[in-house]
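The values are calculated or read from the model by the stated rules, or taken from the named source; none is laboratory data. What you see is a predicted model, and the numbers here were worked out from it, not measured in a lab. Every residue, glycine among them, receives a Cβ derived from its backbone with ideal geometry; neighbour counts consider all protein chains shown. These accessible areas exclude ligands, DNA and RNA; they are computed on the full protein's heavy atoms, side chains included. Shrake-Rupley method; radii C 1.70, N 1.55, O 1.52, S 1.80 Å.
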Amino acid sequence: MKTVFSPLHSRRHVKTELDGGLLIEPHEKPSRAETILARVKDQALGEVLEPEEFGLEPVRRVHTADYVAFLETCWQDWQAAGKPGEAIPAVWAGRGMRHRLPKDIDGRLGYYSFAAETSISDGTWEAARASANVALTAQKLVAGGERAAFALCRPPGHHAHADLFGGYCFFNNAAIVAQAFRDQGYGRVAVLDVDFHHGNGTQAIFYQCSDVLTLSLHGDPDLVFPHFLGFEDETGEGDGEGYNLNIVYPPNTPYSVWSQGLETACERIAAFQPDALVLALGVDTFEDDPISFFKLTSSDYLTLGERLARLGLPTVFTMEGGYDVDAIGVNAVNVMQGFDRAA
Ligand SMILES: NCCCNCCCCCS
Ligand SMILES: [Mg+2]
Ligand SMILES: [Zn+2]
């Protein structure tokens, strides 16, 4: 399987993550991508390509122009306001307040985000742009005939809404890929999110769509991020009614249970008969992940890859979460190796 990777991911190197009342070293750190890349090469998974430049058009097919413009100048605007630290949102429109865009940078940060753990600093914009180009390059490979391709994206994307950042995400790489397939004439696309956390951004972006089926297996939002979306009664709306599936699991869920949900999702995908699959791959489902609570083992990711291959669909993998950095390379590449040997 080919991998697409950009060294520009390292332009995202924030020093802070608000967690437990402290500013900690971010879980979403550069070594995550470097560790996966090293494993790709160590395992000779396949050719590693740098991304092509697709510009902002494909990004704006999913994200609003004002949100994209905000991200482009956010760091400069924050600095121009004389702020001493990294840009962190701290004020939001609560119940009974107004969802209108203020002029002030603190107001704009709150307007365009849903969580406070995702700091912004110099280079975040460039890294997010490169991550979207990585995903679009993988999509081009699959549209060009590759059975599957691995978009080694960093920063991740599945928590980003059309005009909201959060959960370490800015551009929704999986949604951008799904929309690119649709724009190139693929009639139906499925996006399956196997990250530990609900793919709230991806769900929201396609919630009224019947041509993009969104599915996510994740930790119970009553207990974990993103807290306010991802429940099983969210099945889509309007034309999209019936085209969103959430499968929620409790703490300590092992693969033997989680894979039953995977099976349900795969059967729903098969019934949908999509022309392509986007697999939002987080490996924070791993038993030792520091911020999650499922109990998947490294060998389970081989089994996961094999199962996905049996769907028999052109597949783009977009790298999402996974925060046990020592294990992330083996776990992510196991999915690709499992897929390749069953394809
Ligand atoms: N104390 C942990 C808070 C985590 N908040 C954001 C989680 C984002 C996961 C991205 S896959
Ligand atoms: Mg998920
Ligand atoms: Zn996650």
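Before anything else, pin down the relative contact order of the chain: Cα pairs under 8 Å, at least 6 apart, normalised by residue count, whole percent.
Numbers: 779 pairs, mean separation 63.3, N = 343.
Computed over the chain, the figure is 18 percent.
Taking only Cα atoms, what is the 0 to 90° angle, nearest 10, from helix 298-309's long axis to the longest principal axis of the chain?
Between the helix axis and the principal axis of the chain, the angle is about 70 degrees.
Explain nothing, just compute: Karplus ³J(HN,Hα) = 6.51 cos²θ - 1.76 cosθ + 1.60, θ = phi - 60°, for every residue of the range 231-236 in order, whole Hz, x for Gly and Pro.
Couplings: 7, 6, 8, 8, 10, x Hz.
Output the 0 to 90 degree angle, nearest 10, between the alpha-carbon long axis of helix 30-42 and the longest principal axis computed from the alpha carbons of the chain.
The angle comes out at about 20 degrees.
Rounded to the nearest 20 debye, what is the charge dipole size of the range 88-237 about its Cα centre when +1 sits on each Lys and Arg Cβ and -1 on each Asp and Glu Cβ? Working shown, then result.
Values: 11 positive and 17 negative charges, 105 e Å.
The dipole magnitude comes to about 500 debye.
How much of residue 195 can a 1.4 Å solvent probe reach, expressed as accessible area in Å² and rounded to 10?
Near enough 0 Å² of accessible area.
Which residue, 277, 3, 116, has the largest displacement toward the positive end of the dipole of the chain when charges sit on each Cβ (Lys, Arg +1; Asp, Glu -1)?
3
Show me the ranking of peptides 325-335, 118-128 by mean Cβ neighbours inside 10 Å, starting with the highest. Let's see the in-between values first.
Values: 325-335: 22.5, 118-128: 20.9.
Ranking, from highest mean packing down: 325-335, 118-128.
Considering only DSSP states other than H, G, I, E and B, which GluC sites (Glu not before Pro) in the range 133-238 qualify as loop sites with at most 14 other Cβ atoms within 10 Å?
Working: sites: 146, 232, 234, 237; in loops: 146, 232, 234, 237.
In loop regions of the range 133-238 (DSSP not H, G, I, E or B), the sparsely surrounded GluC sites (Glu not before Pro) are 232, 237.
Using the Karplus equation 6.51 cos²θ - 1.76 cosθ + 1.60 (θ = phi - 60°), what ³J(HN,Hα) coupling, rounded to whole Hz, does each residue of the range 78-83 give in order, writing x for Gly and Pro?
5, 5, 4, 7, x, 6
About its Cα centre, what dipole magnitude does the chain give when the only charges are +1 on Lys and Arg Cβ and -1 on Asp and Glu Cβ, stated in debye to the nearest 20? Don't jump to the answer; show the numbers that get you there.
Details: 27 positive and 47 negative charges, 119 e Å.
The dipole of the chain has a size of about 580 debye.
Once the Cα atoms of helix 173-183 and of the chain are each reduced to a long axis, what angle between those two axes, in degrees from 0 to 90 to the nearest 10, is obtained?
The answer is roughly 70 degrees.
Out of residues 5 or more away from residue 49 or on other chains, whose amide H comes under 5 Å of its own, with H placed 1.01 Å from N in the peptide plane?
Hits under the 5 Å cutoff: 3, 4, 5.
Only four residue types carry charge here, +1 at the Cβ of Lys and Arg and -1 at the Cβ of Asp and Glu. Report the dipole size of the range 226-343 about the Cα centre in Debye, rounded to the nearest 20. Before the final figure, lay out each step's value.
Values: 5 positive and 19 negative charges, 90 e Å.
That gives the range 226-343 a dipole magnitude of about 440 debye.
Show me, for the range 110-127, the HN-Hα J-couplings you get by feeding each phi into the Karplus relation (A = 6.51, B = -1.76, C = 1.60, θ = phi - 60°), rounded to Hz, glycine and proline as x.
Each residue of the range 110-127 in turn: x, 5, 9, 9, 10, 8, 10, 7, 10, 6, 10, 8, 4, x, 4, 4, 5, 5 Hz.
Roughly what % of DSSP beta bridges within the chain run antiparallel, to the nearest 5? All intermediate terms of the calculation are to be shown ahead of the outcome.
Working: 6 of 40 bridges.
Counting DSSP beta bridges with both partners in the chain, the antiparallel share is about 15 percent.
Put +1 on the Cβ of every Lys and Arg and -1 on every Asp and Glu Cβ in the chain; which of 259, 213, 304 then has its Cα farthest towards the positive end of the dipole?
After comparing all options, I get 213.
Identify the chymotrypsin sites (Phe, Trp or Tyr not before Pro) of the range 62-96 meeting these criteria: DSSP loop state and at most 15 other C-beta atoms within 10 Å of the C-beta. Intermediate values should be presented prior to the final figure.
Details: sites: 67, 70, 75, 78, 92; in loops: 92.
For chymotrypsin sites (Phe, Trp or Tyr not before Pro) across the range 62-96 that sit outside H, G, I, E and B with at most 15 neighbouring Cβ atoms in 10 Å, the list reads 92.
Long-range amide H contacts for residue 117: which residues qualify at under 5 Å (H placed 1.01 Å from N, peptide plane, sequence gap of 5 or more or a different chain)?
167
Taking residue 2 as the anchor, which lysines have their alpha carbon closer than 16 Å to its alpha carbon, excluding any fewer than eight residues away along the same chain?
41, 140
At 7 Å along the Cα-to-beta-carbon direction for both residue 342 and residue 25, put a label point, then send me their distance in nm to one decimal.
That separation, rounded to one decimal, is 3.6 nm.
What is the range 230-343 by shape, rounded, prolate or oblate, if you read a ≥ b ≥ c off the alpha carbon gyration tensor as root eigenvalues and call it rounded for a/c under 1.5, prolate for a/b larger than b/c, and oblate otherwise? All intermediate terms of the calculation are to be shown ahead of the outcome.
Values: a/c = 1.91, a/b = 1.26, b/c = 1.52.
Here the range 230-343 falls in the oblate category.
Can you give the calculated 222 nm mean residue ellipticity of the chain, where each DSSP H run of n ≥ 4 adds -39,500 (n - 2.57) and the sum is split over every residue, rounded to the nearest 500 deg cm²/dmol? Kindly include the intermediate steps, with their values, before the conclusion.
Working: 10 runs with 125 residues, N = 343.
Taken over the chain, the calculation gives -11500 deg cm²/dmol.
Sort the range 113-240 into rounded, prolate or oblate with this rule: let a ≥ b ≥ c be the square roots of the eigenvalues of the Cα gyration tensor; rounded if a/c is under 1.5, and if a/c is not under 1.5, prolate when a/b is larger than b/c, oblate otherwise.
On the way: a/c = 1.87, a/b = 1.10, b/c = 1.70.
Oblate, since a/c reaches 1.5 and b/c is not below a/b.
Using a Cα-Cα cut-off of under 20 Å, which aspartates and glutamates could be cross-linked to residue 103, ignoring same-chain neighbours fewer than 8 residues away?
Partners within reach: 66, 72, 77, 86, 163.
Please state the shape class of the range 177-242: rounded when a/c is under 1.5, otherwise prolate if a/b exceeds b/c and oblate if not, all from the C-alpha gyration tensor. Present the calculation step by step, with values, prior to reporting the outcome.
Working: a/c = 2.80, a/b = 1.76, b/c = 1.59.
Prolate is the answer for the range 177-242, as a/c is 1.5 or above and a/b outweighs b/c.
Where in the range 1-66 are there GluC sites (Glu not before Pro) that are in a DSSP coil and have at most 15 other Cβ atoms within 10 angstrom of their Cβ? Display every interim value, and only then the final one.
Working: sites: 17, 28, 34, 47, 52, 53; in loops: 28, 47, 52, 53.
Passing both the DSSP loop test and the Cβ count: 47, 52, 53.
Can you find, among 81, 131, 97, the residue farthest towards the positive end of the dipole of the range 72-139? Put +1 on the C-beta of Lys and Arg, -1 on that of Asp and Glu.
So the residue furthest toward the plus end is 97.
Could you please state, rounded to a whole Å, how far the C-alpha centre of the range 141-165 is from the C-alpha centre of the range 2-50?
So the two Cα centres are separated by 15 Å.
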